[in-house]
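Peer 1: Following this message is one structure expressed as structure tokens.
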Amino acid sequence: MKKNYLTFLLLSVCACFAQAQTTHFIDWDLSVGANASITIDVGDTIEWTNVDIGMPHDVTSTDPNAPAGFGSALLGDFDTYSFTFNAPVVFDYGCGIHPGSMDGTITVITPGGGGYCTPSYNNGCGGGDEIDDFEIPSAGFSHLATGCSPTTYADYTSDANLEITLEVGQNYNFEITHGYGSQRVRMWIDFNQDEVFDHPGELVAEESSIGIGSGATSTVGTIDIPVTAALGTTRMRVMTRYNTQPEPCDNLVVSSWGETHDYTVHIINPLPTCSAPMNLTLNNVTETTAEFSWDASPDESNGYSWVLMNMGDNPETDTPVDQGTVGTGVLTTEAIGLSPNTMYHAFVKTLCGAGIESDFSIGLHLVTEEELECPAISDLTITTVTDTMVTFSWTEPDNTQTIEEGYGFIIVLEDHIPFVDPHIAEGVLDVGVSSTSADELLADTSYDLYMITICKINPLEQSDFVMSTFTTQESMHVQDQELITFSCYPNPTHEVLYVEAISEIQAVTVYNLRGQVVITQQFTNEQNIQLDVSRLPKGLYLLTAVFDNGVNGTVKIIKQ
């Protein structure tokens with residue numbers, strides 16, 4: 001009889017166990033809607049059947065919490081896919097072909113779990129025995145000014161903005177504020193997801209408030225996540241109780257004060273370390289380029305990326321002025337296309353492989369050089385003059401780095417304009433040359449010698465003209481030249497220049513030494529005119545007058 005009774009018990013247990021292993025069926029089509037989400041027990045199986053005739057589907061998940069091996073091949077008409085879940089888990093899944101239309105959540109719980117208990121304290125928490133502010137700074141979590149929950153219990157597990165992510169093997173400092181002292185604080189995490197907080201290691205924090213008695217106070221401490229903690233999404237319970245250590249399922253009718261908060265927590269592996277480079281250094285800067293370097297990061301495996309930003313711009317959100325990457329082991333780069341005399345900020349990231357990168361480094365502040373003008377020669381000197389030749393020399397600029405072409409000279413008759421009137425002689429000399437000569441000049445004739453530095457041809461960059469006047473020696477053959485009589489006064493002048501001539505003046509043009517027209521005026525039957533030169537910058541100018549007989553005349557004027 002005892003044997004038969006024992007056999008009956010064994011059969012009953014087996015029958016109960018078999019009954020617990022349930023298969024759940026889901027018709028897998030575009031209209032599945034909320035039926036895609038399901039809560040099952042550990043050991044249960046879900047079977048999906050594609051009932052969309054002529055439309056293929058699959059069952060898949062990109063959620064890192066999904067069990068290993070979960071996911072189907074392409075399912076045709078009435079094809080099925082089944083999966084048995086052997087551990088508690090919560091994860092999202094869906095049809096990879098129709099994302100957003102066929103999505104759901106699978107929740108697997110321990111068989112027989114009756115849900116989490118709801119603690120309470122009969123005297124409430126309105127007297128200051130509440131969890132008001134709760135912060136975990138290094139986890140980026142902050143839940144402020146919650147006050148006292150009406151039932152002394154608040155379930156925040158469905159609030160996506162209040163989810164907490166913690167890494168196994170890490171310690172996290174926390175702070176909780178209260179409105180009354182003598183608080184005892186405890187925290188649990190349901191690592192094995194059995195809906196109770198009684199497993200060894202699930203108590204992760206236990207501290208007392210700093211103050212006692214009435215008045216606001218706080219509790220500070222450390223949350224310790226064991227290196228053996230199971231990965232996944234589960235529940236964290238935070239409790240405070242006046243003057244007594246709380247228990248996870250406190251449900252007290254005796255005199256008690258306190259409050260409980262529940263949160264969703266994600267337990268993950270520690271993220272790989274990827275440290276930013278240090279000690280950014282400016283190596284060289286010009287008007288349009290900046291070269292900088294940095295110290296190597298010990299975590300670098302794929303090189304570095306860098307950006308150069310306008311001062312004040314955010315390297316994470318704003319558009320860089322220049323950017324790039326360098327290969328592994330390279331610790332220097334050059335930014336180009338910059339503007340002269342402009343402030344910039346350089347930032348560098350470490351590339352650590354597998355798509356992991358560091359934060360940006362501390363920014364390097366730099367200012368590009370001022371734009372250099374094309375420098376003029378100095379000390380233009382007439383060294384030798386004959387009746388047909390002149391020799392002259394000059395001193396090169398101190399900085400010849402910007403001079404790509406050399407030095408040009410032009411010789412014209414005195415008071416003629418080098419960029420308008422015929423050239424008697426001309427030439428271009430290389431950088432490093434500081435003297436030359438010109439021949440085939442007319443005897444007993446006055447000439448103006450103009451020299452200019454040519455830094456670039458395309459686009460043209462040149463200096464101001466430097467000028468000197470000389471007269472060739474007399475010879476046996478002196479050719480008379482027609483003289484044109486006109487005068488300008490006062491010269492030098494400040495505001496008004498008067499021009500008088502014996503012939504009628506038709507036009508007057510004033511040039512600066514770069515050949516640019518700065519004043520031009522037309523006249524009719526005028527022999528005495530006046531020009532307003534008050535707005536001209538100080539310096540030397542050439543004034544050319546055209547007369548009614550078609551003859552031109554040129555004089556130098558000085559604006560003071």
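Where a number appears in this text, it was derived from the coordinates with a stated rule and is not lab data. In this text the structure is predicted, and so the values were computed from the model without any measurement. Here the Cβ positions follow ideal geometry from the backbone for every residue, glycine too, while neighbour counts run over all protein chains shown.
Peer 1: Do any trypsin sites (Lys or Arg not before Pro) in region 448-552 lie in a loop, going by DSSP, with at most 11 other beta-carbon atoms within 10 Å of their beta carbon, and if so which?
Peer 2: Qualifying residues, ordered by number: ARG535, LYS538.
Peer 1: For the chain, with only Lys/Arg (+1) and Asp/Glu (-1) charged at the beta-carbon, what is the dipole magnitude about the Cα centre, in debye rounded to 20?
Peer 2: Numbers: 14 positive and 76 negative charges, 445 e Å.
The calculation lands at about 2140 debye.
Peer 1: Compute the helix-to-body angle for 2-20: its Cα long axis versus the longest principal axis of the chain, expressed 0 to 90° and rounded to tens.
Peer 2: 30 degrees
Peer 1: For region 120-268, what is the relative contact order in percent, using Cα pairs closer than 8 Å and at least 6 residues apart in sequence? Working shown, then result.
Peer 2: Working: 411 pairs, mean separation 51.5, N = 149.
That works out to 35 percent.
Peer 1: Would you work out which of CYS455, SER297, VAL420 lies farthest towards the positive end of the dipole of the chain? Charges go on Cβ: Lys and Arg +1, Asp and Glu -1.
Peer 2: Checked the options; the winner is SER297.
Peer 1: Given the convex hull of the Cα atoms of the chain, what is a quarter of its surface area in nm²? Each step should come with its number before you reach the end.
Peer 2: Numbers: hull surface 204.4 nm².
Mean projected area of the Cα convex hull: 51.1 nm².
Peer 1: Give a quick list of GluC sites (Glu not before Pro) in region 250-326 that DSSP marks as loop, anything other than H, G, I, E or B, with at most 14 other Cβ atoms within 10 Å. Walk me through the numbers before you get to the answer.
Peer 2: Values: sites: GLU259, GLU287, GLU291, GLU300, GLU316; in loops: GLU287, GLU300, GLU316.
In loop regions of region 250-326 (DSSP not H, G, I, E or B), the sparsely surrounded GluC sites (Glu not before Pro) are GLU316.
Peer 1: With only Lys, Arg, Asp and Glu charged, each at its Cβ (+1 for the first two, -1 for the last two), find how big the charge dipole of region 80-217 is about the Cα centre; round to the nearest 20 debye. Working shown, then result.
Peer 2: Working: 2 positive and 19 negative charges, 26 e Å.
Here region 80-217 has a charge dipole of around 120 debye.
Peer 1: While we're looking at this one, here's another question. Using modelled amide H (1.01 Å from N, peptide plane; none on Pro or chain starts), what sits under 5 Å from the amide H of GLU526, excluding residues fewer than 5 places away?
Peer 2: Here the answer is ILE505, since their amide H atoms fall under 5 Å of that of GLU526.
Peer 1: Rounded to two decimal places and with Rh computed the Kirkwood way over Cα pairs, what is Rg over Rh for region 120-268?
Peer 2: In region 120-268, Rg relative to Rh is 0.94.
Peer 1: What is the magnitude of the charge dipole of region 349-401 about its Cα centre, with +1 placed on the Cβ of each Lys and Arg, -1 on the Cβ of each Asp and Glu, and no other charges, expressed in debye to the nearest 20? Walk me through the intermediate numbers first.
Peer 2: Details: 1 positive and 10 negative charges, 48 e Å.
Value, rounded to 20: 220 debye.
Peer 1: Name the residue farthest towards the positive end of the dipole of region 486-559 from the options ASN552, GLN522, GLY539, assuming +1 on Cβ of Lys and Arg, -1 on Cβ of Asp and Glu, about the Cα centre.
Peer 2: Positive-end residue among those listed: GLY539.
Peer 1: Could you work out how far the C-alpha centroid of region 495-523 sits from that of region 283-322, in angstrom?
Peer 2: Here the answer is 54 Å between Cα centres.
Peer 1: For region 222-243, list residues with backbone N below 15 Å from a point placed 7 Å from the Cα of LEU162 toward its Cβ?
Peer 2: The answer is 235-240, whose backbone nitrogens lie closer than 15 Å to the label point.
Peer 1: With runs of 4+ DSSP H residues as the only contributors, calculate the mean residue ellipticity of the chain at 222 nm using -39,500 (n - 2.57) per run, divided by the residue total and rounded to the nearest 500.
Peer 2: -1000 deg cm²/dmol
Peer 1: While we're here: Just want to confirm a number: the relative contact order over the chain, from Cα pairs under 8 angstrom separated by 6+ residues, in percent.
Peer 2: Numbers: 1379 pairs, mean separation 42.1, N = 560.
Computed value for the chain: 8 percent relative contact order.
Peer 1: Determine the gain in length on full extension of the stretch VAL385-HIS24; use 0.36 nm per residue of separation and subtract their C-alpha separation, reporting nm with one decimal. Let's see the in-between values first.
Peer 2: Details: separation 361, 0.36 × 361 = 129.96 nm, distance 11.28 nm.
Separation in residues times 0.36 nm, less the Cα-Cα distance, equals 118.7 nm.
Peer 1: Using the C-alpha atoms of region 139-205, what convex hull volume per residue, in cubic angstrom, is computed?
Peer 2: Details: hull volume 9.4 nm³, N = 67.
Per residue, the Cα convex hull of region 139-205 comes to 141 Å³.
Peer 1: What translational D, rounded to a whole number of µm²/s, comes out for region 378-471 from Stokes-Einstein when the hydrodynamic radius is the Kirkwood one over Cα pairs, at 10 °C and 1.306 mPa s? Mind dumping the intermediate values first?
Peer 2: Working: Rh = 13.6 Å.
Result for D is 117 µm²/s.
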